[in-house]
Structure formats: C-alpha cells, structure tokens
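Bear in mind these aren't lab numbers, they're just calculated from the coordinates by the rules spelled out. Everything numeric in this text was worked out from a predicted model, so none of it was measured. Cβ placement follows ideal geometry from the backbone for every residue including glycine, while neighbour counts extend to all protein chains displayed.
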Amino acid sequence: MTGYGCGETPTSPTTVETTTTTATTDTTPVLTEDWMDTLAVGGERFYSFTVTQTGTVNVSLTSVSGPFVPATVTVGLGLGTPVAETCATTLNISTPAGTGPHLSGTYSPGVYCVKVWDVGNLFSPARFSITVAYP
C-alpha cells in the first residue's frame with residue numbers, strides 16, 4: 001500500500017537518453033567522377049584525383065569504342081599514385097569495358113591516379129570512359 005501526504009502527487013519515472021557516436025575508419029564512396037578520353041594505339045592516359053578521408057575507392061571502365069575497335073577489346077586498367085608525368089600503378093588488370101567496379105581498394109587520404117593503356121589489342125585510337133568513386 002502506498003500512501004501520499006497532503007498535496008503530494010506521485011512522481012513519474014525519470015527517463016535518460018544517451019547517444020553513442022562511433023567513429024568509422026572506412027568510408028564508402030561519396031564522390032563520383034567520370035573521365036573520358038582517347039587512347040592511342042600503344043598509348044596510355046591517366047587521371048588524378050584526391051581522396052580526403054580513408055575509405056573505399058572503386059574504378060569502373062564503362063566504355064571503350066571507336067572505328068575498328070571491337071566491343072570486347074581489353075585494355076589495361078590500373079590504380080596507383082602519380083609520379084612525375086605518369087601513374088605508378090599498384091593494382092592492375094586487363095579488362096573489357098562493362099559494369100564494375102573493375103578495381104576496388106581501401107585508401108588513405110592522398111592523391112591517387114587511374115591509368116588506362118593499350119595492352120597491344122588496339123588497331124586504331126579508342127574512346128574510353130572511366131568512373132571513379134571515392135570518399
């Protein structure tokens with residue numbers, strides 16, 4: 001049995017809200033850039049971009065086309081760091097264009113590059129498109 005004195009009212013239970021914030025070290029891509037250019041027979045091209053926080057970088061070769069360039073042609077695709085007037089790749093594949101990502105990895109803040117090169121399959125210049133997604 002609970003009794004109340006004159007003028008007393010029962011009190012409600014007190015609610016305490018807490019919020020927990022967790023810092024993450026790996027961020028999914030939030031920026032997307034498309035790069036289009038022409039690849040010469042026996043040539044190479046590269047594109048630099050800046051990652052501002054540690055996270056996943058995805059690279060997709062979305063198209064390769066041109067006169068006398070078959071839809072299934074494979075070219076070299078690499079991800080690395082710019083050195084002087086080239087891109088020193090640390091991750092490389094030979095691939096036809098298609099849905100991707102073709103290359104993916106976790107990278108710290110810094111300047112990186114994507115390189116596309118003829119692996120000996122081109123008989124005429126080819127237009128290509130790359131999509132780079134990064135944090």
Taking R0 as 22 Å and r as the Cβ-Cβ distance between VAL41 and THR99, the FRET efficiency 1/(1 + (r/R0)^6), rounded to the nearest 0.05, comes to 0.25
Amide H contacts of VAL119 (H built 1.01 Å from N, under 5 Å, at least 5 apart or other chain): GLY76
Would you list VAL73, VAL64 from fewest to most Cβ contacts within 10 Å? VAL73, VAL64
Please give me the summed charge of the neighbours of ALA40: other residues whose Cβ is under 13 Å from its Cβ, Lys and Arg +1, Asp and Glu -1. -1
Ranked by Cβ crowding within 10 angstrom, fewest neighbours first, how are ARG45, ARG127 ordered? ARG127, ARG45
Of PHE49, PHE123, PHE128, PHE68, how do they rank once you tally other Cβ atoms within 10 Å and put the fewest first? PHE68, PHE123, PHE49, PHE128
Report the gain in length on full extension from THR32 to SER129: 0.36 nm times residue separation, minus Cα-Cα distance, nm rounded to one decimal. 33.6 nm
Cβ-derived FRET efficiency at R0 35 Å, TYR107 paired with THR72, nearest 0.05: 0.70
